[in-house]
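Inspection log for the structure reproduced underneath, given as structure tokens.
The values are calculated or read from the model by the stated rules, or taken from the named source; none is laboratory data. These numbers were taken from a predicted model, which means no experiment stands behind them. Glycine gets a Cβ as well: all are built from the backbone with ideal geometry, and neighbour counts include every protein chain shown. Calculation scope for accessible area: heavy atoms of the full protein, side chains included, ligands and nucleic acids excluded. Shrake-Rupley method; radii C 1.70, N 1.55, O 1.52, S 1.80 Å.
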Amino acid sequence: MNEIAQELNLDILQGNPYVYELLSELGKNLYYPKGILTQSAEAKQKAHHFNATIGIATEKDHPMFLPLIQKTLADYNPKDLYPYAPPAGKPELRELWRKKILIDNPSLQDKSFSNPIVTNALTHGLSIVADLFINADDPLVLPDKLWGNYNFIFGVRRGAKTVQFPFYTKEGTFNTPGMKEAILSKKDHGKAVLVLNFPNNPTGYTPTEQDATEIIKALREVAEEGMNLVVVTDDAYFGLFYENSIKESLFARIANIHPRVLTIKVDGATKEDYVWGFRVGFITYASEHPAVLNALEKKTIGIIRGTISSASHPSQTFLIKALQSPDFQIQKQEKFKVLSQRASKVKQILEQEKYHDAWDYYPFNSGYFMCLKLKGVKAEVLRNHLLDQYGVGLISLGENDVRIAFSCVEEQELEHLFDLIYQGYKDLAVKSK
């Protein structure tokens, strides 16, 4: 094992041995090498005469660029577009995002957590978690309403064994008892990774205050029984909280609750700031031990260096400018209002009696999506029928559930959408008789 990796592992072991036990074999071997990038960083600070370290081309003390490209980006200094960004991300952006996290999550004010590290959006952040903490056959605990890509990120890539629990209770709230039971079913394994995705894709549900209290209590009880946990909050749709839900990330509530619980926040601008193609995400660790945070950061930067090297520099620059703008929150609130009104309209539509023979709908209060539970018609059959006969696209989930993204349908068109879904349902229901 590399000497630097051994030093980082010792820092974690001395700071919190439970976090060390959570690391995968790959995670234990990861480190940030003292190679070209480290030497380049030192040269950037001290090489006032000539800096011949970084593999880019320059002209007249500026990065070399094609004028035809710069013409479309005239508002930006070439140095903020063309060179490589640091592997951890632009320091200014990391600090801005940390401030944003603190503003958005009041429960974090007195807690210890790392500076966010820039990732190539959320999927990349989740894959970093998988690399750091998943060995083959380690348990991954997920609700049965989930984003399918988790199976690839944690299962196919790293060999995790998924343990599922029903998302909802009979009362339509988050199933905390089921979550706790699923985790403890792997108590003999000693560790588990739990992913909590709120606002949830596909259901559009975020825990209520009561849900959140129960989740924290359950996780603390699991830790007190001697089980080590990585709790990942996938906050892709953060901030889109419309009604009757907590208004901050569970990361803020779970951070530092117990030495055996390592909490990791994976979030980004992609969805919450409507810049999907920019591919700017963040990974943030919570620990009461600065040495543990430093070691996890170094290991994370090592993964980034060994995979994508660094995230897009222009995208980070664009986001910095947005976050610094006085119009940023005003414009975000305008978009929030549009999506909130669409969610409210969907609920009004679904309360109409004419649909009650066709489906029930799962509780939702946030995000981009909601799900229908079909009665007597298979989800995939309906999906194909709607595509072929009505030109309507939706997502089938399992036998009887379909996901509808109201985020991409104008409010005045929503009732027409559900009428077409209902017509497709009736077509199939008649055929089955």
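Numbers below:
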| quantity | calculated |
| --- | --- |
| Residue ranges of helices (runs of 4 or more DSSP H) in region 314-433 with at least 2 members under 30 Å from ASP75 (Cα atoms), open to solvent by 20 Å² or more (accessible area, probe 1.4 Å) and β-branched (Val, Ile, Thr) | 328-350 |
| Every pair of residues 6+ apart whose Cβ atoms lie under 6 Å, when the first sits in region 307-320 and is touching a residue at least 12 places away in the same chain (Cβ under 8 Å) and among the hydrophobic types (A, V, I, L, M, F, W, C) while the second is assigned to a helix (DSSP H, G or I) and surrounded by fewer than 20 Cβ atoms within 10 Å (Cβ to Cβ) | ILE320/GLU92 |
| Meets criteria (of a type in the set (A, V, I, L, M), touching a residue at least 40 places away in the same chain (Cβ under 8 Å), farther than 30 Å from LYS378 by Cβ and in contact with a Ser or Thr (Cβ under 6 Å, 6 or more places away or on another chain)) for LEU293 | yes |
| Residue that is farthest from PHE198 (Cα to Cα) [pool: residues in region 108-150 that are open to solvent by 10 Å² or more (accessible area, probe 1.4 Å) and in a helix (DSSP H, G or I)] | ASP131 |
| Complete set of residues in region 151-179 that are buried (at least 21 other Cβ atoms within 10 Å of the Cβ) and outside any loop (DSSP other than H, G, I, E, B) | ILE153, PHE154, PHE174, THR176, MET179 |
| Count of residues meeting criterion [charged (D, E, K, R) and at pLDDT 90 or above] in region 8-27 | 2 |
| Count of residues meeting criterion [more than 18 Å from PRO326 (Cβ to Cβ) and open to solvent by 70 Å² or more (accessible area, probe 1.4 Å)] in region 88-105 | 2 |
| Within region 246-261, considering residues that are touching a helix residue (DSSP H, G or I) at 6+ places or on another chain (Cβ under 8 Å) and without any contact (Cβ under 8 Å) to a residue 40 or more places away in the chain, the one most open to solvent (accessible area, probe 1.4 Å) | HIS258 |
